[in-house]
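Scroll down for the structure; my scribbles are underneath it.
The values are calculated or read from the model by the stated rules, or taken from the named source; none is laboratory data. This is a predicted model, so every value here is computed, not measured. Positions of Cβ are generated from backbone atoms using ideal geometry, with glycine treated the same way; all protein chains shown enter the neighbour counts. When the accessible area is computed, the model is the full protein with side chains, heavy atoms only, and any ligands, DNA or RNA have been set aside. Shrake-Rupley method; radii C 1.70, N 1.55, O 1.52, S 1.80 Å.
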Amino acid sequence: MRPSFFHHLHPPTIPTEQARWRHTLGAGGTAVFLMLILGMTGILEMFYYIPTPEEAALSVQTITYHVPFGGFIRNLHYWSAQLLLIVSAVHLLRVVFTAAYKSPRRFNYLLGLALFILAILLDFTGYILRWDVDICYPLLTGTNLLKTVPFIGDFLHRLAIGGGEACTNGLLRMYVWHIFGLTLPVIILGIWHAFRVRRDGGIAVPPPQVRTDNARISRNELVRREVLAMFIVGIALILLSIFVPAPIAAAMTEGTTLAGEAKAPWFFLWVQEMLKWGDPFIFGILLPLGILALIALIPYIFPKPADSDIGKWFPKSNRLAQITIGLVSFIVILLTLLANAN
Amino acid sequence: MTQISRRDFLKLAREGFLYLSAALATGSLLRFLSYAPASEQKTEFDLGSVDNYPVGSRTSIPEIPALLIHAESGFTALSLTCTHLGCTLEPNNNGFACPCHNSAFDAEGNVTQGPAVKPLRSLRIQITDENTIIAYTD
Ligand code: HEM
Ligand code: FES
């Protein structure tokens, strides 16, 4: 039989260590599962969602309150999106803490980072699609922030919302970015990322010479574990979606922006907090991009982890990378809590 | 000058052609995506009769948003759009505060607390022959 993409990702046997929960935390696989849910529920929402300023918020209300199972579908979409960001962050931390980014996996590390950024942008554009009173300030400040970039600011602003003022204009652009402009790259990079995992020799584990456990598990066992993980995450999603509804607010009409939420969506609260410190371009764009660049450079300019340490939790030889990513996470969480407190 | 073989030349030409096409296509795509239609944003606001705003009054006009001030010296209008990133300011006892990143302005529109650095904009005002007030945001 000709091997399919499924067989490429599921070889006849793999080392037991590569498939241990405590080794991978199952985070990457969970992210794939969440993206599949997002794709399916997103397409279902498109049957009712109307991307015009007059009707968008009303159509979300229709989905939520009138369409049979509409509220449930919308909640699934919302909760998968929020969980995706958390799971992707956990996945990134796992990769750094187990020194799994070392060459030949350097390039795939960058692919993964790009996917994380795209997921954040998808979450933001999706949130904007609600087009209710609560989305106005985040959209306005976010797009005005783009304008502060020297030389290309106006260009970026038009690219994002197609000119005009945020909150009266921009919905159509946000919609097309959400369902196509950002989703298509996610699909392409996502498939590439998964393909590279196997190409680079599977999940990073210590090389065979220093491996203590040489047991292997079969394809069937691997699939069994994947299905089990999907089942658990699926149950969690269903429970969340039944008991905790996605946020919704009144439709925007002229002059109602004053009543809107001034807080950014939770994953951008840390940037909102930094914006209070001074020049918007420096604190809102350069600093976040600098942090991103630092994370991207870990496999390239940080001390190289020893070969025998690859795939072990918290090995000595990549301490600097662990401390860096740990500090970044700590600061981002701290800023988020600060912004949320006031 | 060193001779280059026909094969190398063709390879160079082929690659040059490919990269050039890719660059042109990308440039065109970006220009295509960055078109901004002429703004339909309202820039002229009719605020009604002068008599509605007695001397000493400070009236909030949410649709602009702005504050119309009638002092002894005449009418002025202060934009209530925060000069930091554009949220709408909320009036308080000392002046105005921004709900987004805590900038504050005094009653004359000067910055009293960052991150904003520019003072609030004064809007152009016109009083027509029929004694109605028009404010312009451009
Ligand atoms: C990684 C992928 C994705 C993320 C992170 C994401 C995120 C979001 C979020 C946070 C919302 C707002 C939900 C709410 O607050 O109610 C949203 C709405 C929406 N999304 Fe997605 N989405 C993704 C993929 C997709 C895809 C693939 C489609 C369609 C093909 C789609 C279609 C929609 C539609 C139509 C809405 C508007 C309805 C609503 O607000 O409930 N999304 N998305
Ligand atoms: S928009 Fe007013 S402080 Fe940032």
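Okay, here's what the table says:
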item: Largest-first ellipsoid semi-axes for the stretch B:1-122, taking √(5λ) over the Cα gyration tensor eigenvalues, angstrom; result: 58, 19, 11
item: Listed residues B:Thr88, B:Ala116, B:Leu20: farthest to the positive end of the dipole of chain B (Cβ charges); result: B:Leu20
item: Sites matching trypsin sites (Lys or Arg not before Pro) across the stretch A:210-285 that sit in DSSP coil, with at most 16 neighbouring C-beta atoms within 10 Å; result: A:Arg211
item: For the stretch B:24-67, residues shielded by at least 50 square angstrom of accessible area compared with the chain on its own, probe 1.4 Å; result: B:Leu33, B:Ser34, B:Gln41
item: Binned Cα-Cα distances of the protein assembly as shown, short to long, each 20 Å bin given as a whole percent; result: 19, 46, 27, 7, 1
item: Selection from A:Leu320, A:Ala341, A:Leu239, by position along the positive dipole direction of the stretch A:232-342 (Cβ); result: A:Leu320
item: Mean separation of Cα contacts under 8 Å, 6 or more apart, over the residue count of chain A: relative contact order %; result: 28 percent
item: D (Stokes-Einstein, µm²/s), Kirkwood Cα radius, the stretch A:1-110, 0.890 mPa s at 25 °C; result: 145 µm²/s
item: Per residue Cα convex hull volume in Å³ - calculated over the stretch B:16-73; result: 126 Å³
item: Per residue solvent-accessible surface (Å²) - chain B, probe of 1.4 Å; result: 66 Å²
item: Probe 1.4 Å, accessible area per residue of the stretch A:118-210, Å²; result: 43 Å²
item: Portion, in percent, of the accessible area of the stretch B:44-136 that falls on carbon or sulfur, probe 1.4 Å; result: 46 percent
item: Of A:Val67, A:Leu85, A:Thr125, farthest towards positive along the dipole that unit charges on Lys, Arg, Asp, Glu beta carbons give the stretch A:49-172; result: A:Leu85
item: Euclidean distance of C-alpha centroids, the stretch A:276-342 and the stretch A:73-104, integer Å; result: 15 Å
item: Highest-MSF residue in chain B out of B:Ser60, B:Ser34, B:Ser79 [GNM, Cα springs under 10 Å]; result: B:Ser34
item: Gap separating the Cα centres of the stretch A:214-256 and the stretch A:26-49, nearest whole Å; result: 9 Å
item: Computed [θ] at 222 nm, helices only, for chain A once each DSSP H run of length n ≥ 4 contributes -39500 (n - 2.57); result: -19500 deg cm²/dmol
item: Loop-located GluC sites (Glu not before Pro) in the stretch B:25-87, at most 15 other Cβ atoms within 10 Å (DSSP); result: B:Glu40, B:Glu63, B:Glu72
item: Apportionment of accessible area to carbon and sulfur, the stretch A:287-329, percent (1.4 Å); result: 76 percent
item: In the stretch B:1-102, chymotrypsin sites (Phe, Trp or Tyr not before Pro) in a DSSP loop with at most 15 other beta-carbon atoms within 10 Å; result: B:Tyr35
item: Debye intensity ratio I(q)/I(0), log10, the stretch A:110-230, q values 0.14, 0.18, 0.19, 0.22 Å⁻¹ (C-alpha model); result: -0.75, -0.99, -1.07, -1.29
item: Accessible surface buried upon A-B contact (total; probe 1.4 Å; Å², nearest 100); result: 1900 Å²
item: Test item: Cα-centred dipole of chain B, Lys/Arg +1 and Asp/Glu -1 on Cβ, debye; result: 1360 debye
item: Counted charge near A:Leu171, where neighbours are those whose Cβ lies closer than 13 Å (Asp, Glu -1; Lys, Arg +1); result: -2
item: Rounded to the nearest 10 Å², the accessible area of A:Val176 at probe 1.4 Å; result: 70 Å²
item: Solvent-accessible area lost in complex, 50 Å² minimum, residues of the stretch A:133-169 relative to chain alone, 1.4 Å; result: A:Tyr137, A:Thr141, A:Phe155, A:Arg158
item: Crossing angle, helix A:56-65 versus chain A [Cα axis fit, 0-90 degrees, rounded to tens]; result: 70 degrees
item: Span per principal axis, largest first, for the Cα atoms of the stretch A:200-338 (Å); result: 68, 41, 23
item: Helix axis angle, A:136-147 relative to chain A longest principal axis, alpha carbon, degrees; result: 70 degrees
item: Inter-centroid distance (Cα atoms) of the stretch B:53-120 relative to the stretch B:1-39, Å; result: 51 Å
item: The stretch B:1-62, dipole about Cα centre (Lys/Arg Cβ +1, Asp/Glu Cβ -1), debye to the nearest 20; result: 720 debye
item: Compactness of the stretch A:10-259 as Cα Rg over 2.2 N^0.38 Å, two decimals; result: 1.16
